[in-house]
Each structure stands twice: as structure tokens, then as C-alpha cells.
2 protein chains.
Amino acid sequence: MAYQDAITALSDPRRRAIFESLRAGPKSVAHIARDQPVSRPAVSQHLKVLQSAGLVDVTAQGTKRFYQIRHQGLTTLRHYIDSFWQDTLDAFANHVTENQTKKEN
Amino acid sequence: MAYQDAITALSDPRRRAIFESLRAGPKSVAHIARDQPVSRPAVSQHLKVLQSAGLVDVTAQGTKRFYQIRHQGLTTLRHYIDSFWQDTLDAFANHVTENQTKKEN
DNA sequence: GCTTACGGTTAGTCATGGCTTACCAAGATG
DNA sequence: CATCTTGGTAAGCCATGACTAACCGTAAGC
């Protein structure tokens with residue numbers, strides 16, 4: 001949902017590896033698990049986290065479930081990062097001008 | 001250093017709160033800790049992580065140490081996120097065309 | 001000089017979360 | 001229908017990491 005969930009989801013190395021493996025396109029759970037050094041249930045749990053973070057979505061096709069990257073999740077994360085630019089640059093300018101005023105720090 | 005460290009550093013809610021509190025400009029450790037519901041050593045440890053992730057840098061001024069946001073750390077993180085766009089869009093196009101070819105999935 | 005403020009480090013505790021094993025439901029295949 | 005494949009879920013184990021208390025070094029201020 002929010003950017004917090006996206007960051008939390010991508011903070012785990014294995015989850016990041018799974019997410020990055022989807023760069024190549026949609027994959028089934030078994031296909032993803034084949035390239036990972038952990039069990040299939042572990043992959044399934046990671047995918048659940050990625051999905052509820054809005055980073056992937058699923059397309060059922062028979063018993064197979066294809067996961068793929070969802071760009072919207074990455075967009076919210078990018079907005080969060082971008083939001084620091086203007087804020088901090090303004091703040092830094094203020095800090096320089098108020099440098100001599102000796103406020104409570 | 002790398003984007004991995006930045007993501008890991010920002011995955012912790014408290015560390016994110018500390019980092020976001022620096023939007024307003026450089027602050028001393030005591031000043032940061034004043035707004036956080038944890039002890040000063042805890043804040044110190046978080047700042048250490050943020051620093052080694054390249055997200056903040058320090059300016060000593062007497063016994064006080066002013067921490068501020070370092071934009072370069074955010075830049076590497078943004079590049080990582082951006083790197084998914086072209087890759088996944090290409091991959092999706094391929095997947096659509098190869099849809100009937102029934103590859104091993 | 002002595003004392004106080006600032007802040008980094010260490011040791012030890014406790015909660016979070018990633019993993020495996022076992023289990024179960026549902027669609028595919030004969 | 002019986003069997004196999006696919007994959008989600010639960011219980012339990014264990015490592016990681018966030019936190020506090022206690023300590024230490026260093027620069028200010030009297």
C-alpha cells in the first residue's frame with residue numbers, strides 16, 4: 001500500500017532477489033523457487049509480502065499463479081524519495097542563514 | 001554505500017523517523033533524540049547505520065555533532081528503482097509475444 | 001584545575017521475522 | 001474417479017537486530 005510497506009518488503013535480501021528475478025517477466029511460483037536456495041513455501045511467503053506491499057500482482061492460470069512486477073508500487077516509493085529533494089535543500093538554505101542566530105540545537 | 005544498505009537502513013520505522021526529522025535541516029544528536037521515544041544511545045546507533053549507508057553525514061562543531069541528509073545516498077536508491085522500468089516493460093512485451101510458445105514456466 | 005554537556009561504544013535482553021516441515025485445497029491428467 | 005501438480009497456510013525453531021543501562025573520552029564553562 002504505502003511506501004513504508006514497499007521499503008520494508010524490499011529490505012530483505014531474498015525478497016529483493018525474488019523481486020528482481022521478475023525483471024525478466026512474469027513467473028510461476030515454482031519457477032521462481034527453482035532459482036532460489038530456499039524452499040517453495042518460503043518463496044510463497046515472500047510473494048505474499050511483496051503483494052500486500054503493492055509491488056507485485058498475480059494472474060491465476062489453472063493451478064499456476066503468475067507473479068509480475070507492479071509499477072505502481074515502485075512509483076509511490078519513488079515519490080517518497082523525490083520528496084526529500086526540495087525539502088532538504090530549502091532547509092539547508094535556512095540553516096545557513098540562521099547559522100549565527102544560535103537557535104536551540 | 002550501495003542501494004542495498006540504503007534500503008536496509010530505511011526499512012526500520014524509527015530510523016526512517018530520524019531520517020525524516022532531518023528534512024527540517026541539520027540537527028545535533030540530542031536534538032534528534034528529544035523528539036524520539038527512545039534513548040539517546042539508540043538514536044546514536046541508528047545514525048551510525050544511516051551514515052554507513054551513505055544517507056547522512058556529520059559535521060562536528062565542538063562536542064556537538066550535526067547530522068544532515070546526504071542526497072547522494074538517495075540518488076543511488078532512485079537509480080535502483082528507475083532501473084526496473086525499461087527492464088520490466090521489455091520483458092512484458094516479450095512475454096506477450098511468447099505467450100503461445102508454451103515455454104517452461 | 002574541576003565539573004558539566006555531548007555523544008559514541010559495549011554487554012546483555014527481548015521481540016521480530018525468515019525458514020522448514022507438515023498439511024490441505026483445487027485444477028490438470030490419465 | 002484416482003493421482004499428480006501447483007501453491008497457499010500453520011506451527012515451531014532460530015538468528016537478526018533494536019533497545020536500555022552502564023561506561024568512557026572529549027570539549028565547554030565556571
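Residues with beta-carbon under 11 Å from that of B:Asp57, excluding B:Asp57: net charge, scoring Lys, Arg +1 and Asp, Glu -1?
Combined, the nearby Lys, Arg, Asp and Glu give +2.
Considering every residue in B:64-76, what mean count of other chain Cβ atoms within 10 Å of its Cβ is obtained?
Rounded to a whole number, the mean comes out at 2.
HN-Hα J couplings of segment B:33-50 from phi, Karplus 6.51/-1.76/1.60, θ = phi - 60°, integer Hz, Gly and Pro as x?
Computed from phi, the couplings for segment B:33-50 are 4, 4, 8, 10, x, 10, 5, 5, x, 4, 4, 4, 5, 5, 5, 4, 5, 4 Hz.
Can you list the distances in nanometres, one decimal and ascending, from the B:Thr59 label point to the identical position in each other copy, with the point 7 Å along Cα to Cβ?
Those label-point separations list as 5.2 nm.
Using r as the Cβ-Cβ distance of B:Thr59 and A:Val38, and R0 as 41 Å, what FRET efficiency do you calculate, to the nearest 0.05?
0.40
Keeping the other protein chains in place, figure out the carbon and sulfur percent of the accessible area of segment A:3-95, with a 1.4 Å probe.
Ligands and nucleic acids excluded, carbon and sulfur give 50 percent.
At a probe of 1.4 Å, how much accessible area disappears from chains B and A on forming the pair, both sides counted, to the nearest 100 Å²?
Protein heavy atoms only, the B-A interface buries about 3600 Å².
Cβ under 15 Å from A:Arg14's Cβ, A:Arg14 left aside: what net charge do those residues give with Lys, Arg +1 and Asp, Glu -1?
With Lys, Arg at +1 and Asp, Glu at -1, the net is +2.
Between A:Ala2 and B:Ser52, how many nm apart are label points set 7 Å from Cα along the C-beta direction?
2.9
Which value, in Å to one decimal place, does the Kirkwood hydrodynamic radius take for segment B:3-97 when every pair of different Cα atoms is included?
14.7
Just to confirm a number: summing +1 for Lys and Arg and -1 for Asp and Glu over residues other than B:Val29 whose beta-carbon lies under 9 angstrom from that of B:Val29, what do you get?
+4
The values are calculated or read from the model by the stated rules, or taken from the named source; none is laboratory data. Nothing here was measured: the structure is a model prediction, and the numbers come from that model. Using ideal geometry, Cβ is built from the backbone for each residue, glycine included, and neighbour counts are taken over all protein chains shown. Just the protein is used for accessible areas: all its heavy atoms, side chains included, with ligands, DNA and RNA removed. Shrake-Rupley method; radii C 1.70, N 1.55, O 1.52, S 1.80 Å.
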